[in-house]
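The values are calculated or read from the model by the stated rules, or taken from the named source; none is laboratory data. Since this is a predicted model, take the numbers as computed values, not measurements. Cβ coordinates were reconstructed from backbone atoms using ideal geometry, including for glycine residues, and neighbour counts include every protein chain displayed. To get the accessible areas, we keep the full protein, side chains included, count just its heavy atoms, and leave off ligands, DNA and RNA. Shrake-Rupley method; radii C 1.70, N 1.55, O 1.52, S 1.80 Å.
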Amino acid sequence: MTFSTTLTERASTFLDRKTGRRSFLTRTAMVGSALTAAGADFVLKPNSAYAAVCSCNGRSCNCTDLCCDGYTEFCCQIYGENACPPNTLLAGWWKVDNSSYCAGSARYYMDCNKASPACACGSSGVCRGSDTTCQCRQCGNRKDGCTAFRYGNCNNHVACVGPIMCRVVTCTKPWEIDPGCTTVARTDNNTRHHHRPCLSEPTEEQLNFIEALYHDFLGRSSDASGRDYWGDVLAGGAGQPIGLRDVVASSFAFSIEYATTVVNGLYQLALDRRPDSSGKQYWVDQLLGGLKPRELAVELFGSDEFYARVGKDDATFITELYRRVLGRTPSASERSYWQSAIADSGRGGVARSLYQSVESRRRRVSALYQRFLGRQPDTSGRDYWVDVIATREDISVALYITAGPEYLARAQRRFG
């Protein structure tokens, strides 16, 4: 079996931090080609090429040690990043189906071969060369720089490469990472359990996302234990990062600490003070038990304490409600209307009507956009969410925003 090659040189940027450890598959110029030095049989049977013999590279290791199994070490284990190191290029990929590391989707293993080897490949497209050290760093490391092998399903335009220096791993389809890769699949389920702890570490992108959640939901920087915990949660599900971001954001939104910030904020808005410890604990428990934040707002604005703070005067009560809830002063007719409504609905009923008015909901949606995206909403987006929070909670806006790509991109700009 032969594969066509071209001599056109091309460089490609490999991946924008979306599938692995810090700078996972990024900032490396990847060019590659295909072909195999070991015969056509090995092209369709990767295990035959990699693990046909026990060879320990002259080390006194057992055949059960990783040094002897015929496969190549992961790049992150050697170089600290799940990315092709300098002076290597992507030369092919294979997959494992239904991988637990990718939430049941395929997991892709990609070879980083030495670039510009000091040897002539001929028609094989790969050569061993005399300028590469074949080694395993210790018996617990797989080889690197030893296996002269190419698949033929990525960047088929470099005529000659050296041996495989290390492997990178992703849950993203290779042809979505690099358009030079083809969809021609090689499968080696024997590598299903090949893994290293460094492959499960969170990406810089994921850590920046977590930092943004701490600031936007909790109003503070992350602590080391919390950052590590949520980083592990995100890294454990690289096959479905968007869904996991939503799960993590929900955990922040329904946490005790966030409920505490909601109670503190509403007390400050309505009563110009922090809650006492017993009151704070009571309302936090109520929120966690299902009380809606808007119900707490109405409770505080309709309270005797708020009425006392405005001088126990109905006109001033309406004026202060407008100022705190709507951010403006009521007109004379508005003030007169709501003063009359107090007799029928009570102060709590008036507070409820104003807090859930279209004007109030517009203001709250705009505040959420500003808080989480650093901008005002477009008119159609604002109007959509104004309708939504007429019956649902404001937090639904925040959760939708934090699950989206704009929030993720902003987190990188803020904390990257």
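Counted as qualifying within region 298-416 are the helices (runs of 4 or more DSSP H) with 3 or more residues that are open to solvent by less than 50 Å² (accessible area, probe 1.4 Å) and within 27 Å of residue 271 (Cβ to Cβ), namely 314-321, 332-355, 358-373, 395-402.
One residue stands out in region 260-280 among those that are polar (S, T, N, Q) and under 17 Å from residue 218 (Cα atoms): the one that is most open to solvent (accessible area, probe 1.4 Å), namely 268.
Residue by residue, here is whether (1) without any contact (Cβ under 8 Å) to a residue 40 or more places away in the chain; (2) in a loop (DSSP other than H, G, I, E, B); (3) more than 22 Å from residue 154 (Cα to Cα); (4) open to solvent by 60 Å² or more (accessible area, probe 1.4 Å) holds:
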residue: 101; (1), (2), (3), (4): no, no, yes, yes
residue: 105; (1), (2), (3), (4): no, yes, no, no
residue: 132; (1), (2), (3), (4): yes, yes, yes, no
residue: 141; (1), (2), (3), (4): no, yes, yes, no
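Do we find that residue 228 is among the charged types (D, E, K, R), more than 19 Å from residue 372 (Cα to Cα) and at pLDDT 85 or above in this structure? Here the answer is no, as residue 228 does not meet what is asked.
The residues of region 342-361 that are out of contact with any Asp or Glu (no Cβ under 8 Å at 6 or more places or on another chain), among the hydrophobic types (A, V, I, L, M, F, W, C) and farther than 20 Å from residue 391 by Cα amount to a single one, 343.
Yes/no per residue for (1) within 31 Å of the chain's Cα centre (by Cα); (2) in contact (Cβ under 8 Å) with a residue 40 or more places away in the chain:
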| position | (1), (2) |
| --- | --- |
| 122 | no, no |
| 136 | no, yes |
| 150 | no, yes |
| 158 | no, yes |
| 164 | yes, yes |
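If you go through region 279-297 and keep only what is closer than 18 Å to residue 269 by Cα and acidic (Asp, Glu), you end up with just 295. The set of residues from region 178-204 being farther than 30 Å from residue 131 by Cβ, open to solvent by 30 Å² or more (accessible area, probe 1.4 Å), out of contact with any Pro (no Cβ under 9 Å at 6 or more places or on another chain) and not small (Gly, Ala, Ser) comprises 179, 184, 189, 192, 193, 195, 197, 201, 204. Taking the criterion of being over 11 Å from residue 153 (Cα atoms) and free of Cβ contacts under 8 Å to residues at least 24 places away in the same chain, the only residue of region 174-188 that qualifies is 176.
Scan region 361-389 for residues that are under 21 Å from residue 322 (Cα atoms) and either at pLDDT below 95 or small (Gly, Ala, Ser) (or both) and jot them down. Scanning region 361-389 gives 366, 367.
Each row is one residue, and each column tells you yes or no for (1) open to solvent by 10 Å² or more (accessible area, probe 1.4 Å); (2) farther than 16 Å from residue 84 by Cα.
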site: 108; (1), (2): yes, no
site: 112; (1), (2): no, no
site: 121; (1), (2): yes, yes
site: 125; (1), (2): no, yes
site: 128; (1), (2): yes, yes
site: 137; (1), (2): yes, yes
site: 156; (1), (2): yes, yes
site: 165; (1), (2): yes, no
site: 176; (1), (2): yes, yes
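The number of residues in region 267-278 being in a helix (DSSP H, G or I) and out of contact with any helix residue (DSSP H, G or I) (no Cβ under 8 Å at 6 or more places or on another chain) comes to 3.
Residue 325 fulfils the conditions (1) within 31 Å of the chain's Cα centre (by Cα); (2) within 20 Å of residue 398 (Cα to Cα) except for a single criterion, (1). Restricting region 108-124 to residues that are assigned to a strand (DSSP E or B) and out of contact with any Gly (no Cβ under 8 Å at 6 or more places or on another chain), which is farthest from residue 165 (Cα to Cα)? Here the residue is 108.
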